[in-house]
There are 2 protein chains.
Amino acid sequence: MEPTKMMETERIPEPTLRRLPWYLAYLKLAADQGENFISSTQIARAINVSASQIAKDLSLLNVSGKTRVGYDVKSLIEVLEDFLGFRQTRQAYLFGVGNLGGALLHDKGLSQYGLEIVAGFDVNPAVIGQTINGIPVYHIDEYPAMRTTSSICIGILTVPVEKAQAVAECMVAGGIKAVWNFTPFRIHMPENIVVQNTSIYAHMALIFNRLERR
Amino acid sequence: MEPTKMMETERIPEPTLRRLPWYLAYLKLAADQGENFISSTQIARAINVSASQIAKDLSLLNVSGKTRVGYDVKSLIEVLEDFLGFRQTRQAYLFGVGNLGGALLHDKGLSQYGLEIVAGFDVNPAVIGQTINGIPVYHIDEYPAMRTTSSICIGILTVPVEKAQAVAECMVAGGIKAVWNFTPFRIHMPENIVVQNTSIYAHMALIFNRLERR
């Protein structure tokens, strides 16, 4: 029984989870500028989140600032990186080496934050057998054979909309436990599968819309 | 005085705006499968949003389904694409041709949804003067000179965190009205500037976190 640990690991609400990377980004900046301690008020001023919200969020990670001194920058960075999973490397497969998929294979930033794409899958003869940024691309039919030898549980979904559901099901059948869905299609997955939607084109639409409504 | 138009253009809440691309993706799929009419119940089943929510969202675009028949698929696609701004092309500059920035230059999907990146800016001699996917990369110092000849008002921000605020200010000084911020840094911008945050690494952290809490 570790009630504290339980609280730490299960009770973090999603809005808090979404704010933690903002704090981390700012703290790294402060560390680069030689700051050793920082108050929630300073963080608040920099990133437009209230100081009390910041203190509350960080208390969920069992971190509290010292009176008059604030948070220890270096150790808070470590706690955040650790909690956010950026200090270990996980491997992933990418499904759909088209425009966005190919672009993600080029993004070395993913591995810097702990995600290493080890293979891409597609059905397009033009990319199968190629190596993009050092990552081999296979025919999707080769995926089922690889599942027996692989413990990879994160899959990136960048196929065309009309293939999204079928490929996501194929991913899960092959052992994928978390689907990072970059398509605008809302895939249906079993409850135990982690689904994260990242619709960059939807964000683009928000920009267009706001620009016109200005 | 056009009260209907006003309602259409100013009162769409952001959650609705975020759901519209899901409807569009599903409708395109239905159109490809030969569907001419579709009910909100069918859409609801497919994408896990309640039928009443869908009907409400679409009514904000002044679209309503016909009793017993539902929505005309083709014309609803047109309304959505038009409203979301996907039927016209806007030009954009990209600032920071590093990992993610370079990857976005490779993504032809952006132009398919109406955003054409016409130039990239950086300070790295290794990329300045290069052409990536047909897009020229200039030194950021050349940007101020280009502002006088350019009407481009969308800027994509993919610089390192510690440069985010300064480069965003430089963008705005050069006439950018909308900043698409891919950095995890919360930039401060004047109120009349549209800011859209897309933190793909933060989404990655959400996946890691949920996977461990399963």
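Numbers for the structure displayed
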quantity	calculated
Where B:Thr89 falls short, out of the listed (1) in contact with a strand residue (DSSP E or B) (Cβ under 7 Å, 6 or more places away or on another chain); (2) at pLDDT 95 or above	(2)
Residue list for segment A:179-201, filter: more than 16 Å from A:Val159 (Cα to Cα) and at the interface with another protein chain (Cβ under 7 Å from one of its Cβ atoms)	A:Asn192, A:Val194
Check on A:Asn99, more than 29 Å from B:Arg213 (Cα to Cα) and away from every other protein chain (no Cβ under 14 Å)	no
Residue check for A:Gly96: among the small types (Gly, Ala, Ser) and touching an Asp or Glu at 6+ places or on another chain (Cβ under 7 Å)	yes
Residue match in segment B:113-129 (condition: at pLDDT below 95 and within 22 Å of A:Leu29 (Cα to Cα))	no
Output for segment B:153-173, where each listed residue is away from every other protein chain (no Cβ under 12 Å) and more than 10 Å from B:Phe95 (Cβ to Cβ)	B:Glu169, B:Val172, B:Ala173
Tally, over segment A:178-214, of residues that are over 21 Å from A:Leu104 (Cβ atoms) and either within 19 Å of the chain's Cα centre (by Cα) or among the aromatic types (Phe, Trp, Tyr) (or both)	2
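Per-residue answers, yes or no, for (1) without any contact (Cβ under 8 Å) to a residue 12 or more places away in the chain; (2) out of contact with any strand residue (DSSP E or B) (no Cβ under 9 Å at 6 or more places or on another chain); (3) polar (S, T, N, Q); (4) outside the structural domain of A:Glu14 (by TED's automatic domain parsing):
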site: A:Ala103; (1), (2), (3), (4): yes, yes, no, yes
site: A:His106; (1), (2), (3), (4): no, no, no, yes
site: A:Ile132; (1), (2), (3), (4): no, no, no, yes
site: A:Thr158; (1), (2), (3), (4): no, no, yes, yes
site: A:Val195; (1), (2), (3), (4): no, no, no, yes
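The values are calculated or read from the model by the stated rules, or taken from the named source; none is laboratory data. Keep in mind the model is a prediction, meaning the values are calculated, not measured. Note that we place each Cβ from the backbone using ideal geometry, even for glycine, and neighbour counts take in every protein chain shown.
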